[in-house]
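Pasting in a structure now, in C-alpha cells, and then I'll have a few things to ask.
Every number in this text was worked out from the coordinates using simple rules, so none of it is lab data. None of these values were measured; they are calculated from a predicted model. With ideal geometry, Cβ positions are generated from the backbone for all residues, glycine too; neighbour counts draw on all protein chains shown.
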Amino acid sequence: MVAAQQREPVVVVGASMAGLLAARALVEQGTPVTVIDRDDLPLAATPRARVPQGRQLHILLSAGLEQLRAWFPGIEEELQHLGAARVDGFGAWIHQGGAYRARGELGRPGLSLTRPLLEQVVRQRVAALPGVSIEAGATVERVEVTGRRVTGVVVDGHVRATELVVDASGRSSGLAHELARDGVLDPPVTHVGIDIGYVSFFLRRSPGDFEGDVAIVIGNPGTFRSGAALPVEGDRWNVMLSGVHGDAPPSTAEGVAAFARSLSSPTIAQLIEHCTRVSDIESYRFPSSRRRHYERVTELPGGLVTVGDAACSFDPVYGQGMTSAALQAAALGRAVARVGLSAPDLPKRFHRHAARIIDAPWRIAVGGDFGHPETVGPRPLGTTRLNGYTARVIQAAHASLPVARVFNRVLQLEDPPLALFRPDVVARVLTASRHSPAVTGAAVQHPRVGPLPPCPDLPH
C-alpha cells in the first residue's frame, strides 16, 4: 500500500543534462522543481556507473553553449578555470571528403571538456537555484494516471502528487515503456539502424603535441571510419574512434593504433603514437537512432512531457544530444510561460515545438547515416538528393571559408539546414567545390604532430 505525500508542482525524472536544464528553464517561471535520479550523484567530475556513454567523448555544440551562457552567467569562465579548453576555427583540422575544411573565423569560440565536468558544474549551478531540489539515490517507479492526466509519481513506494512530470530519464526510459504497455501513451517510433561501435580514451597533452586544437576525421563512403581528438581538462586529449555496421574499433592498444592508421587522415594515429595513454580504452555500442514522435499523437495526456534522449537519441558521432536537450528545455520553459503548468494543451504545444527543434539534428544525423548502404529504417524524403548536395558543400568548404562558416553554423545547430540553400551560398558552393583538392587532385597538407624537426646546422 503506497502512502500519499505532499503535492509538488514539477518532478523531473533524471538528473542528466536534459533533466538539469529542464529544471533550470522551469524554475525561471517561478515554479519549484524537484529533480529525482536513481544514482548517487558524484561530488567530483567522474562518470556515473549507470551512464556508460558518459565515459565517451562528448561535444557541446555552440548553440548549446550559448544557451548555457544565458542561463548560467559566468559558467564559461568557471569551466575554463577548471581546465576546459577554448577552441576555435583557426585550430580545427577537420578532414572530410578527401581534404581539410578551410580554417579561420568560423564563429564564436567554443569549449572542449568532458561530459562529467560539464554535468558536475551544471548540477551545482542548478542545485543552488532557489526552488530547486535534487534528490539522488531515489527511484521513480511509475507515474500515477487519473483519466487522461498524469497526476503524480511513485518514488520508492510513496506517491507524490504533481502538476507536471518531465521525463528526462534517457533512451531506455522505463516510464515511456510503462505508458506504452498500459495503452496510455504509445507514440509512433522511428528507428534508423546504424550499429555504431566506438571507443574513447585519454592521452597526456603537452604543448607542441599538435599544431592545432582539434583533430576530427569524418569517415568517407567506403569505410565510414571516423575519429576525433579534442583537448579537455587535466591536460589531456580525449580521443574517440568509431565504425558502423559491425566495423567497431578494437579495445586493445594494438587494435586502436591499427584502426587509427586506417583513417583518411594520419593525424589521430600520429597523436596516439606521439602521446602517452593515461586511461583505459572504453567501448560503447549504439544500435540505432530512435525518435518517439509525440507530436503525432492526437491526444496527449496532460501533466507529462518528455525531453532529451527519452524523446530522441541520435547517432552520437554527430555530438548533438546535449545541445538538442538544451534547446528542448528552453522550449519547455517558453511553453509553460505561455499557458501554465496545468494547461491541458501544454504537452501538445511543447512537443510541436520540440519536434521542430529535433528535426534539424535528426535530418543531419540520419541523412549522414543513410550514406552507408547497410543503414536501415525510414529514409527522410529527399535524403539522396540532400546527401548529393552536402557532398558538394563539403568539397566547397575545403576551398571557401565563407562556405565553411555557414556549414559550421548548421552543424553547430545555430542555423537550420535550409541556410545551405540560400542563393548566395549555393552560388559559392557550385564555384568553390571545383577548387577542392579532392576534385583537383592537389596534394593535401596534413598538420604537424610532435616536436618541430631540428633546424639544420648553418655553415660557419
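Rounded to whole Hz and in sequence order, give me ³J(HN,Hα) for region 21-29 from the Karplus expression 6.51 cos²θ - 1.76 cosθ + 1.60, θ = phi - 60°, writing x for Gly and Pro.
Using θ = phi - 60°, the values come out as 6, 5, 4, 4, 5, 6, 5, 4, 8 Hz.
A follow-up question, please. Is it possible to state the helix-based mean residue ellipticity at 222 nm for the chain, with each DSSP H run of 4+ residues giving -39500 (n - 2.57), the sum divided by total residues, to the nearest 500 deg cm²/dmol? What is it? Intermediate results must be reported in sequence, preceding the final value.
Values: 13 runs with 151 residues, N = 460.
The helix contribution divided over the chain gives -10000 deg cm²/dmol.
Of the DSSP beta bridges with both residues in the chain, give the percent that are antiparallel, rounding to the nearest 5. Don't skip to the answer; put the middle values down first.
Numbers: 49 of 74 bridges.
The antiparallel fraction comes to roughly 65 percent.
Here's something else I'd like to know. If you compute Cα extents along the principal axes in Å for the structure shown, which of (1) 90, 45, 39; (2) 59, 50, 44; (3) 75, 54, 49 do you land on?
Correct label, based on the coordinates given: (1).
If I stretch the segment between L82 and E105 completely, what's the gain in nm (0.36 nm per residue apart, minus their alpha carbon distance), one decimal?
In short, 5.7 nm is gained.
Given the C-alpha centroids of region 131-197 and region 410-437, what is the distance between them in whole angstrom?
When both Cα centres are located, 40 Å separates them.
Working out 0.36 nm times the residue gap between L401 and R352, then minus their Cα-Cα distance, what length gain in nm do you get to one decimal?
Full extension from L401 to R352 adds 14.1 nm.
Next question, about the same structure. Relative to the present Cα-Cα distance, how much length would full extension add between T146 and F90 at 0.36 nm per residue of separation?
14.5 nm
Going by amide H atoms built from the backbone, whose H comes under 5 Å of the H on V278, apart from near neighbours?
For V278, the qualifying residues are F202, L203, R204.
With r as the distance between the Cβ atoms of A419 and D280 and R0 = 45 Å, compute the FRET efficiency 1/(1 + (r/R0)^6) and round to 0.05.
After rounding, the FRET efficiency stands at 0.65.
Same structure, new question: Describe numerically, in nm with one decimal, the distance between label points set 7 Å from Cα along Cα→Cβ at A127 and at D182.
3.1 nm
Could you derive backbone 3J(HN,Hα) for region 356-372 from the dihedral phi with the Karplus parameters 6.51, -1.76 and 1.60 (θ = phi - 60°), listing whole Hz in sequence and x where the residue is Gly or Pro?
Karplus values, whole Hz, x for Gly and Pro: 5, 5, 5, 3, 5, x, 4, 5, 5, 5, 5, x, x, 5, 6, x, 9.
What are the semi-axes of the equivalent ellipsoid for region 353-447, taken as the square roots of 5 times the Cα gyration tensor eigenvalues, largest first, in whole Å? Each step should come with its number before you reach the end.
Working: eigenvalues 121, 56, 29 Å².
Result for region 353-447: semi-axes of 25, 17, 12 Å.
Order of R225, R148 from fewest to most other C-beta atoms within 10 Å?
Working: R225 20, R148 13.
With the sparsest Cβ surroundings first, the list reads R148, R225.
With r as the distance between the Cβ atoms of S342 and V444 and R0 = 56 Å, compute the FRET efficiency 1/(1 + (r/R0)^6) and round to 0.05.
0.40
In region 33-118, which trypsin sites (Lys or Arg not before Pro) are in a loop and have at most 13 other Cβ atoms within 10 Å, using DSSP for the loop call?
For trypsin sites (Lys or Arg not before Pro) across region 33-118 that sit outside H, G, I, E and B with at most 13 neighbouring Cβ atoms in 10 Å, the list reads R50.
Now, a different point. Collect residues whose amide H, placed 1.01 Å from N in the peptide plane, falls under 5 Å from the amide H of E135; neighbours closer than 5 in sequence don't count.
Sorted by chain and number, the residues that satisfy this are V35, I36, D37.
Can you list residues from other chains, or at least 5 along the same chain, whose modelled amide H is less than 5 Å from the amide H of F210?
G450
May I pose another question? How much of the calculated P(r) for region 116-171 lies past 17 Å, in percent of all Cα pairs?
When every Cα pair of region 116-171 is considered, 51 percent fall beyond 17 Å.
Cut-off is 10 Å between beta-carbons; in what order do V159, V140 appear when sorted fewest neighbours first?
Fewest-to-most Cβ neighbours within 10 Å comes out as V159, V140.
Could I ask something else about it? Using θ = phi - 60° and the Karplus form 6.51 cos²θ - 1.76 cosθ + 1.60, what ³J(HN,Hα) does each residue of region 295-303 get, whole Hz, x for Gly and Pro?
Going residue by residue, I get 5, 8, 7, 5, 10, 7, x, x, x Hz, with x marking Gly and Pro.
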